[in-house]
Amino acid sequence: MGRGYQETMNDVVMVASVILILTGMTAAIFNRDPFDKLISLSVLIAGVFPFIVERGFLDVAIATALIAPLSTIFTLMVCRRVQV
Amino acid sequence: MLDEPLRILIAALICWLNFMTIDLIFKLPHSGGVSGATAIAQEVEKGGGKLNGGYMMGNIVSSPDASAGTLLASCGVYCAGLPGGLFAALLVYIGNRICYDPGYAGTTGCITATFIVYGAVQSGWFAASDFIAGMVIAILTIQGISSVHASRLIARLWKVRCRFIPEDKP
Amino acid sequence: MIAIYVCAGIAVYAAIRVIAERNTMRKLPFLNVVSFAVTGIIALLLPHPITIAAAAAYFVGSTLESNAIASTWAGGIKKP
């Protein structure tokens with residue numbers, strides 16, 4: 001994949017993605033409830049995505065988009081097994 | 001062409017009408033499709049909202065419905081024109097199957113939105129990117145400002161819809 | 001083209017609302033808004049036909065994930 005439509009990522013979009021990553025990371029550290037932690041990790045991975053796509057790695061983007069939710073689902077299944 | 005902020009707001013209104021109409025037709029506020037949607041509806045009701053509105057908000061979160069269809073249709077038309085929108089409809093259909101959703105609200109919403117967006121772009125009044133931003137604004141008004149007020153609005157629209165199509169009520 | 005700025009702003013706003021909300025189930029609609037906004041950002045950054053697949057994969061994946069979180073919180077699938 002070559003360079004995309006915007007030659008360099010807009011500063012605004014980059015700052016917004018970094019805010020998403022930092023907010024998700026901080027909330028994941030300081031939340032107590034495990035479900036809240038998983039939701040904060042979702043916010044974090046949402047912030048990482050624009051960086052992957054901007055470089056043109058669309059195949060990596062598709063793979064990550066399918067693998068990250070699967071890992072959350074497996075985490076939830078393990079937790080349910082441990083509880084029960 | 002009009003000014004960009006005004007185009008985005010008009011596109012937001014068009015997207016809002018498209019996805020609300022399709023979702024109301026497909027009875028999304030009637031009941032929770034999956035257990036997760038019911039859980040969200042009960043929490044919204046505890047916070048002071050209406051249950052039917054909560055069901056629709058829960059269904060929007062749990063499964064690709066017409067709002068997802070409209071967004072992916074706009075992205076499809078932006079990236080690849082009319083075939084892009086139809087390809088997005090195919091992906092939404094696969095997504096519906098993966099989420100065990102028996103309804104076709106997502107696919108229908110995507111197809112109608114593809115034609116609406118493509119027509120708007122061909123007419124020269126809009127650019128496809130306006131509809132992407134417009135759809136994000138539309139979903140913000142429903143899910144992102146106040147679940148209490150949004151659920152009350154949805155419940156009121158659901159009552160109006162039930163009066164128009166009465167034979168579906170049990 | 002201010003469409004991408006709109007999406008970025010809404011993403012940040014919704015992320016802050018996700019963190020600020022106390023009730024776990026009421027966080028999920030805000031997380032849905034974040035997914036919508038990031039899907040829009042992905043599509044607007046790189047207008048290539050395969051981007052549709054990446055945006056759709058991300059969106060369906062995040063919907064599946066929210067569904068799983070809500071279902072597990074609610075106690076799982078009800079046994080018939």
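The values are calculated or read from the model by the stated rules, or taken from the named source; none is laboratory data. Keep in mind that what you see is a predicted model, and the values were worked out from it rather than measured. In this analysis, Cβ positions are derived from the backbone assuming ideal geometry, glycine residues included, and neighbour counts consider all displayed protein chains.
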Which numbered condition B:Gly36 misses (of (1) within 13 Å of another protein chain (Cβ to nearest Cβ); (2) farther than 17 Å from B:Tyr93 by Cβ; (3) surrounded by fewer than 24 Cβ atoms within 10 Å (Cβ to Cβ)): (3)
Restricting the search to the range C:60-78, which residues are more than 7 Å from chain B (Cβ to nearest Cβ) and either under 13 Å from A:Phe35 (Cβ atoms) or of a type in the set (Asp, Glu) (or both)? C:Glu65, C:Ala68, C:Ile69, C:Thr72, C:Gly75
Could you give every pair whose Cβ atoms fall below 7 Å, whose first residue belongs to the range C:28-55 and is under 18 Å from B:Gly84 (Cα atoms), and whose second residue is among the polar types (S, T, N, Q) and buried (at least 24 other Cβ atoms within 10 Å of the Cβ), counting only separations of at least 6 or pairs across chains? C:Ile42/C:Thr51; C:Ala43/C:Thr51; C:Leu44/B:Ser129; C:Ala55/C:Thr39
Selected residue [at pLDDT 90 or above and more than 17 Å from B:Met20 (Cα to Cα)] from B:Val148, B:Val121: B:Val121
Where residues in the range B:114-149 are in contact with a helix residue (DSSP H, G or I) (Cβ under 7 Å, 6 or more places away or on another chain) and not in a helix (DSSP H, G or I), which of them is surrounded by the fewest Cβ atoms within 10 Å (Cβ to Cβ)? B:Ala127
For the range C:23-42, state whether one or more residues are outside any helix (DSSP H, G or I) and either acidic (Asp, Glu) or within 8 Å of chain B (Cβ to nearest Cβ) (or both). yes
Counted residues in the range A:44-76 being surrounded by fewer than 13 Cβ atoms within 10 Å (Cβ to Cβ) and of a type in the set (A, V, I, L, M) come to 1
Within the range A:12-63, track down each residue that is over 13 Å from the mean Cα position of the chain (by Cα) and among the charged types (D, E, K, R). A:Arg32, A:Asp33, A:Asp36, A:Glu54, A:Arg55, A:Asp59
Could you tell me how many of the residues in the range C:43-52 are at the interface with chain B (Cβ under 7 Å from one of its Cβ atoms), assigned to a helix (DSSP H, G or I) and surrounded by fewer than 24 Cβ atoms within 10 Å (Cβ to Cβ)? 1
If you check C:Ala57, C:Ala8, which single one turns out to be out of contact with any Ser or Thr (no Cβ under 6 Å at 6 or more places or on another chain), surrounded by 24 or more Cβ atoms within 10 Å (Cβ to Cβ) and either aromatic (Phe, Trp, Tyr) or facing another protein chain (nearest Cβ under 7 Å) (or both)? C:Ala8
Taking into account only those residues within the range B:93-113 that are facing chain C (nearest Cβ under 7 Å) and within 17 Å of the chain's Cα centre (by Cα), which is surrounded by the fewest Cβ atoms within 10 Å (Cβ to Cβ)? B:Cys99
The correct count of residues that are within 14 Å of chain C (Cβ to nearest Cβ) and aromatic (Phe, Trp, Tyr) in the range B:120-169 is 2
Picking from B:Leu13, B:Leu51, B:Leu9, B:Leu17, which residue would you name as being in contact with a Ser or Thr (Cβ under 9 Å, 6 or more places away or on another chain) and surrounded by fewer than 24 Cβ atoms within 10 Å (Cβ to Cβ)? B:Leu51
Of residues in the range B:59-83 being farther than 21 Å from B:Leu13 by Cα and touching a Cys at 6+ places or on another chain (Cβ under 8 Å), the one farthest from the other protein chains (Cβ to nearest Cβ): B:Ser63
